[in-house]
Each structure stands twice: as structure tokens, then as C-alpha cells.
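Peer 1: One structure coming up, written as C-alpha cells, with questions to follow.
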Amino acid sequence: MLERTFSIIKPDATKRNITGEINSMIESAGFTIVAQKKIKLTIEQAKKFYEIHKERPFYNDLCEFLSSAPVIVQVLEKENAVADYRKLMGATNPENAENGTIRKKFAISIDQNSVHGSDAHETAAVEIKFFFSDVEIVG
Ligand code: ATP
Ligand code: MG
């Protein structure tokens, strides 16, 4: 079944002008970019987006980083999109990421790890609605 997921190309990647290379990996892996836009998040938006992590020690740094420079927010479509995009991204810490993943190729550190992807179908629906009120959750 075709599924949609939500992705963010994070500030470390937009600052290095590698969003095209990352989108090329995304498209080569069989995803269709259904919608995307470049925006600069406010600290409040970043805090709301990562609310699930609010008790973690890195929460403030994480939100400051995500709002530090523009990001590309995007909706990706593919069979099994949520799980397959997590695989394409690679491990949260790039030191543990497998060859061929976006984070292995581009991430600088666990903090500046270049991409976000939804961790479940339900989360994808919430995250798509948060940034794209006009985009359907299913195609
Ligand atoms: P994302 O949600 O950004 O796609 P993820 O799902 O791989 O990443 P999460 O556990 O949801 O990882 O953590 C969210 C973000 O918080 C990570 O992308 C990373 O930048 C940061 N983070 C996670 N764990 C740590 C940690 N132990 N130390 C510092 N930063 C961390
Ligand atoms: Mg996550």
C-alpha cells in the first residue's frame, strides 16, 4: 500500500547546500516528493514539534538547532514509506549508521544529523498536518 511520511532536511544540511544531493538519494530510493517547502522554524514551532522529547537533557539544544537556520519540510510517498525512509536515513548517531544511508554520508554528529523522518504511520499523519494543512495524509 502506498504510504506517506514526513521528512525534514535539517539546518546543518541546508547550510551546506546539500539539499539537492539528499533529495537525489530520496528519489533514487523510490520515494516521490509529494510536497516540500523551505521555511525557518521559530523556537516555539521546534519545541512543539519535538515535544515528545521535552524531558530529555538535549531538548533545548535540539530545538535551538532545528530553529537555527532554514529547513526543508517535505512529504514523501512510497510503498512502506515510514519504515523505508527510517532505513534510508540510518541510525540517529551517524557513527552507527550503515553505508548507503543519508546520515552515514552527510551527518556531522548526533545533534547535526541532517534529516528527520516520522517514526510511525500515526506520527507521520500528525507531522504532515502540522506543516501542510493542505496535503492529504494518503494519496
Ligand atoms: P529524528 O526524530 O530527528 O528523526 P530519530 O528519530 O533518529 O531522529 P530521536 O530519538 O527521535 O531520533 O531523537 C530526536 C533527535 O534528538 C535526534 O535526531 C538527535 O539529533 C537528538 N538526539 C537523540 N538522542 C540524543 C542524544 N543521546 N544526545 C544528543 N542528541 C540526541
Ligand atoms: Mg524521532
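Derivation of every value follows stated rules applied to the coordinates shown; laboratory data play no part. Just so it is clear, the model here is predicted, and its values are computed rather than measured. Quick reminder, even Gly has a Cβ in these numbers, built from the backbone with ideal geometry, and neighbours come from all protein chains shown.
Peer 1: May I ask you to list the residues in region 96-110 that are under 13 Å from the mean Cα position of the chain (by Cα) and in a loop (DSSP other than H, G, I, E, B)? Steps first, please.
Peer 2: Step one: filter region 96-110 for residues under 13 Å from the mean Cα position of the chain (by Cα), giving 102-103, 107.
ALA107, the sole residue that qualifies.
Peer 1: Go through region 92-123 and give me each residue that's within 14 Å of ligand 2 (Cβ to nearest atom) and among the acidic types (Asp, Glu).
Peer 2: ASP111, ASP119, GLU122
Peer 1: Collect the residues in region 130-139 that are surrounded by 13 or more Cβ atoms within 10 Å (Cβ to Cβ) and either β-branched (Val, Ile, Thr) or part of a helix (DSSP H, G or I) (or both), keeping them in residue-number order.
Peer 2: PHE130, PHE131, VAL135, ILE137
Peer 1: Can I ask one more? Would you mind telling me which numbered condition in (1) farther than 21 Å from ASP119 by Cα; (2) within 16 Å of ligand 2 (Cβ to nearest atom) MET89 fails?
Peer 2: That leaves (1) as the condition not met.
Peer 1: Right, next: Where residues in region 124-135 are touching a residue at least 40 places away in the same chain (Cβ under 8 Å) and away from ligand 2 (no atom under 12 Å from the Cβ), which of them is farthest from ASN96 (Cα to Cα)?
Peer 2: Step one: of region 124-135, the residues touching a residue at least 40 places away in the same chain (Cβ under 8 Å) are 124, 127-128, 130-132, 135.
This time we only want the ones that are away from ligand 2 (no atom under 12 Å from the Cβ), so: 128, 130-132, 135.
Numbers: ILE128: 28, PHE130: 30, PHE131: 30, PHE132: 32, VAL135: 34 Å.
Among them, the one singled out is VAL135.
Peer 1: Of the numbered conditions (1) touching a Pro at 6+ places or on another chain (Cβ under 6 Å); (2) near ligand 1 (Cβ under 9 Å from one of its atoms), SER68 satisfies every one except a single condition; which is it?
Peer 2: Among (1) touching a Pro at 6+ places or on another chain (Cβ under 6 Å); (2) near ligand 1 (Cβ under 9 Å from one of its atoms), SER68 violates only (2).
Peer 1: Considering only region 46-83, state which residues are small (Gly, Ala, Ser) and under 18 Å from ALA35 (Cβ atoms). Working first, answer last.
Peer 2: Kept after step one, since they are small (Gly, Ala, Ser), are these residues of region 46-83: 46, 67-69, 81, 83.
Within region 46-83, just ALA81 meets the criteria.
Peer 1: Return the pairs, sorted by first residue and then second, in which the second residue is among the aromatic types (Phe, Trp, Tyr) and more than 7 Å from ligand 1 (Cβ to nearest atom), the first residue lies in region 101-123 and is under 16 Å from GLN74 (Cβ atoms) and in contact (Cβ under 8 Å) with a residue 60 or more places away in the chain, the beta carbons are less than 6 Å apart, and the residues are 6+ apart or on different chains.
Peer 2: Close Cβ pairs (under 6 Å, with a partner that is among the aromatic types (Phe, Trp, Tyr) and more than 7 Å from ligand 1 (Cβ to nearest atom)) amount to SER114/PHE106; GLY117/TYR85; SER118/PHE6.
Peer 1: Just name the residue that is nearest to ligand 1 (Cβ to nearest atom) out of those in region 114-126 that are surrounded by 22 or more Cβ atoms within 10 Å (Cβ to Cβ) and within 20 Å of SER67 (Cβ to Cβ). Walk me through it before giving the result.
Peer 2: First, pick out the residues of region 114-126 that are surrounded by 22 or more Cβ atoms within 10 Å (Cβ to Cβ): 114-115, 117-118, 124.
From the residues that got through so far, the ones that are within 20 Å of SER67 (Cβ to Cβ) too are 114-115, 117-118.
Values: SER114: 9, VAL115: 7, GLY117: 5, SER118: 8 Å.
In this case the residue turns out to be GLY117.
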